[in-house]
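Colleague: Structure incoming, see below.
The values are calculated or read from the model by the stated rules, or taken from the named source; none is laboratory data. Everything numeric in this text was worked out from a predicted model, so none of it was measured. All Cβ positions, even for glycine, are placed from backbone atoms using ideal geometry, and neighbour counts span all protein chains on display.
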Amino acid sequence: MKWRSFIIIVIMILAWQANYARQKKYVLVIHGGAGTILKKNMTAEKEAAYRKVLTQALQAGYAVIKDGKKSLDAVETAIRVMEDSPLFNAGKGSVFTNEGKNEMDAAIMDGSNLMAGSVAGVTTIKNPISAARAVMEKSEHVMMTGPGAEKFAKSSGVEIVSPDYFYTPERWEGLKKAKKEDSTKAILDHGNKKSGKLGTINKDYKFGTVGAVALDKAGNLAAGTSTGGMTNKKFGRVGDAPIIGAGTYANNKTVAVSCTGWGEFYIRNVVAYDVSAMIEYGKANLQKAAQTAIDKVGQLGGDGGLIALNVQGEMAMPFNTAGMYRAAITENGEVELLIYK
Ligand code: ASP
């Protein structure tokens, strides 16, 4: 009898180990924004272009992890690839404000020590994610805005460009269209349903933000997000991306999170930190915490998605829009890339 129990226990341990080994360990997850991304509106060429840049970003970040470098480096590297592409609403492809400017926000956070850096409302920084990192590593601050952030970025060796660099015809057309809709529609259909307050931004024109979460060989997490914000946003508006805990958060103890969506709702729900808090205090698992956070955004009348990764290499990518550009890679280099629901 004793022997039989022993054998059963051994078998159970082996089965558990085999199952554990089968579980995929993700080391890098990226997103390129959530929104009304429908297959019927997508041409084969456009989809291929998105897939290409997402894959490049993922592979560039993965090479960094494989090299044994920090998750922070992987996050910055992957985001820079997407910032340099006109396809995404970050860096080069940033959307225009109501005044016809490109005002960008970005943040980065180190899960190993809770250090963080962010910039908001910058108009001349080629790669805002690198400026955010400079704020984290080279200043005594967490968040810097506008001309001050630009001055600091320049003195830290971050590349500065003329505001014209961010002009793309597609985004300019997007602003014209959004403005026309605003003036022809007295009441827009995307206000805060609960409070009855009206929004002034068409929900179809706001997505395309980029973000990354990574886990390095040392077991450290990092998260980063970069965005041009929302088309036709008011001068000086700051979204959730650069606000630590709202759009970006990383903590080795819990999770690394990068959000995309209607920023005002993410700020009000403190979404990225909410995912972490549900894990830390509510003992929720990663999937449940990530999904609940998105459900709460939806309940308030907002929409969007997020990516999340923990030190076990488990990931989640929930969203409540028609699509979200998203991709992940395992420690063995297995790629998963999805766009639609
Ligand atoms: N969250 C961003 C913002 O509100 C927009 C986006 O994710 O597309 O600025």
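Colleague: What single numbered condition from (1) of a type outside the set (Ser, Thr, Tyr); (2) modelled with pLDDT of 95 or more; (3) farther than 15 Å from residue 310 by Cβ; (4) within 11 Å of the chain's Cα centre (by Cα) fails to hold for residue 223?
Modeller: Here residue 223 clears every test but (3).
Colleague: Select from segment 221-230 the residues that are part of a strand (DSSP E or B) and either free of Cβ contacts under 8 Å to residues at least 60 places away in the same chain or closer than 15 Å to residue 88 by Cβ (or both) and write down the one among them that is nearest to the ligand (Cβ to nearest atom).
Modeller: Our first condition is that a residue be part of a strand (DSSP E or B); within segment 221-230, this holds for 221-227.
Keeping just the survivors that are either free of Cβ contacts under 8 Å to residues at least 60 places away in the same chain or closer than 15 Å to residue 88 by Cβ (or both) gives 224-227.
On the way: 224: 13, 225: 8, 226: 10, 227: 5 Å.
Here the answer is 227.
Colleague: Looking for whichever is within 18 Å of residue 274 (Cα to Cα), modelled with pLDDT of 95 or more and either under 16 Å from the mean Cα position of the chain (by Cα) or away from the ligand (no atom under 15 Å from the Cβ) (or both) here; the options are 332, 320. Which one fits? I'd like the intermediate steps shown before the answer.
Modeller: Numbers: 332 fails: within 18 Å of residue 274 (Cα to Cα).
Exactly one of 332, 320 is within 18 Å of residue 274 (Cα to Cα), modelled with pLDDT of 95 or more and either under 16 Å from the mean Cα position of the chain (by Cα) or away from the ligand (no atom under 15 Å from the Cβ) (or both), namely 320.
Colleague: Next up: Do you know which residues across segment 43-58 are surrounded by fewer than 24 Cβ atoms within 10 Å (Cβ to Cβ), closer than 23 Å to residue 229 by Cβ and of a type in the set (A, V, I, L, M)?
Modeller: Across segment 43-58, the qualifying residues are 49, 53.
Colleague: Here's a check for you: in segment 239-249, which residue that is in contact with a strand residue (DSSP E or B) (Cβ under 6 Å, 6 or more places away or on another chain) and under 19 Å from residue 220 (Cα atoms) is surrounded by the most Cβ atoms within 10 Å (Cβ to Cβ)?
Modeller: Result: 248.
Colleague: For segment 159-184, give me the residue count where each residue is part of a helix (DSSP H, G or I), within 18 Å of residue 127 (Cα to Cα) and of a type in the set (Phe, Trp, Tyr).
Modeller: Counting residues in segment 159-184 that are part of a helix (DSSP H, G or I), within 18 Å of residue 127 (Cα to Cα) and of a type in the set (Phe, Trp, Tyr) gives 2.
Colleague: Please tell me if residue 82 is among the aliphatic types (A, V, I, L, M) and out of contact with any helix residue (DSSP H, G or I) (no Cβ under 9 Å at 6 or more places or on another chain).
Modeller: Working: among the aliphatic types (A, V, I, L, M): yes; out of contact with any helix residue (DSSP H, G or I) (no Cβ under 9 Å at 6 or more places or on another chain): no.
Against the criterion (among the aliphatic types (A, V, I, L, M) and out of contact with any helix residue (DSSP H, G or I) (no Cβ under 9 Å at 6 or more places or on another chain)), residue 82 does not qualify.
Colleague: If I filter segment 4-26 for residues that are within 18 Å of residue 209 (Cβ to Cβ) and surrounded by 19 or more Cβ atoms within 10 Å (Cβ to Cβ), do I get at least one hit? Show your work before the answer.
Modeller: Kept after step one, since they are within 18 Å of residue 209 (Cβ to Cβ), are these residues of segment 4-26: none.
Within segment 4-26, none of the residues are within 18 Å of residue 209 (Cβ to Cβ) and surrounded by 19 or more Cβ atoms within 10 Å (Cβ to Cβ).
Colleague: Here is a follow-up. Quick one: in segment 231-249, which of the residues that are in contact with a Ser or Thr (Cβ under 9 Å, 6 or more places away or on another chain) and of a type in the set (A, V, I, L, M, F, W, C) is nearest to the ligand (Cβ to nearest atom)?
Modeller: Within segment 231-249, the first condition is being in contact with a Ser or Thr (Cβ under 9 Å, 6 or more places away or on another chain), and the residues that meet it are 231-245, 247-249.
Subsequent filtering for residues that are of a type in the set (A, V, I, L, M, F, W, C) retains 235, 238, 241, 243-244.
Details: 235: 14, 238: 8, 241: 5, 243: 10, 244: 14 Å.
Only one residue fits best here, namely 241.
Colleague: State which residue is surrounded by the fewest Cβ atoms within 10 Å (Cβ to Cβ) when the search covers only segment 250-278 and only residues that are within 12 Å of the ligand (Cβ to nearest atom) and assigned to a helix (DSSP H, G or I).
Modeller: Among residues in segment 250-278 that are within 12 Å of the ligand (Cβ to nearest atom) and assigned to a helix (DSSP H, G or I), the one surrounded by the fewest Cβ atoms within 10 Å (Cβ to Cβ) is 268.
Colleague: Enumerate the pairs (first residue in segment 20-33 and within 17 Å of residue 255 (Cα to Cα); second residue anywhere and among the basic types (Lys, Arg) and modelled with pLDDT of 80 or more) with beta-carbon separation below 9 Å, excluding pairs fewer than 6 apart on the same chain, so at least 6 apart or on different chains.
Modeller: Sorted first by the residue in segment 20-33, then by its partner, the pairs are 27/66; 27/217; 29/326; 30/326; 31/326.
Colleague: Considering only residues that are within 16 Å of the ligand (Cβ to nearest atom) and in contact with a strand residue (DSSP E or B) (Cβ under 7 Å, 6 or more places away or on another chain), look in segment 36-51 and name the one that is nearest to residue 337 (Cα to Cα). Give the steps one after another, and end with the answer.
Modeller: Residues of segment 36-51 within 16 Å of the ligand (Cβ to nearest atom): 36-37, 50.
Add one more test, that the residue is in contact with a strand residue (DSSP E or B) (Cβ under 7 Å, 6 or more places away or on another chain), and what stays is 37, 50.
On the way: 37: 15, 50: 10 Å.
This residue is 50.
Colleague: Now a separate question. Yes or no: residue 218 in contact (Cβ under 8 Å) with a residue 60 or more places away in the chain, surrounded by fewer than 24 Cβ atoms within 10 Å (Cβ to Cβ) and either of a type outside the set (Ser, Thr, Tyr) or within 14 Å of the ligand (Cβ to nearest atom) (or both)? Walk me through how you get there before you give the answer.
Modeller: Details: in contact (Cβ under 8 Å) with a residue 60 or more places away in the chain: yes; surrounded by fewer than 24 Cβ atoms within 10 Å (Cβ to Cβ): yes; either of a type outside the set (Ser, Thr, Tyr) or within 14 Å of the ligand (Cβ to nearest atom) (or both): yes.
Yes, satisfied.
Colleague: Let me ask another. Give me the pairs: first residue in segment 237-253 and at positive phi, second residue within 14 Å of the ligand (Cβ to nearest atom), beta-carbon distance under 7 Å, and six or more apart or on different chains, which are they?
Modeller: Matching pairs, first to second residue: 245/270; 245/272.
Colleague: Of all residues being at pLDDT below 95 and more than 17 Å from residue 178 (Cα to Cα) in segment 196-215, which is farthest from the ligand (Cβ to nearest atom)? Just the residue, please. Reasoning before the result, please.
Modeller: Filtering segment 196-215 for residues at pLDDT below 95 gives 196-208.
Narrowing the set further to residues that are more than 17 Å from residue 178 (Cα to Cα) leaves 196-197.
Numbers: 196: 21, 197: 17 Å.
Checking each candidate, the answer is 196.
Colleague: Looking only at segment 298-317, which residues are within 26 Å of residue 220 (Cβ to Cβ) and within 16 Å of the ligand (Cβ to nearest atom)? Break it down stepwise before answering.
Modeller: At the first step, the residues of segment 298-317 found to be within 26 Å of residue 220 (Cβ to Cβ) are 305-317.
Those that are within 26 Å of residue 220 (Cβ to Cβ) and within 16 Å of the ligand (Cβ to nearest atom): 305, 306, 307, 308, 317.
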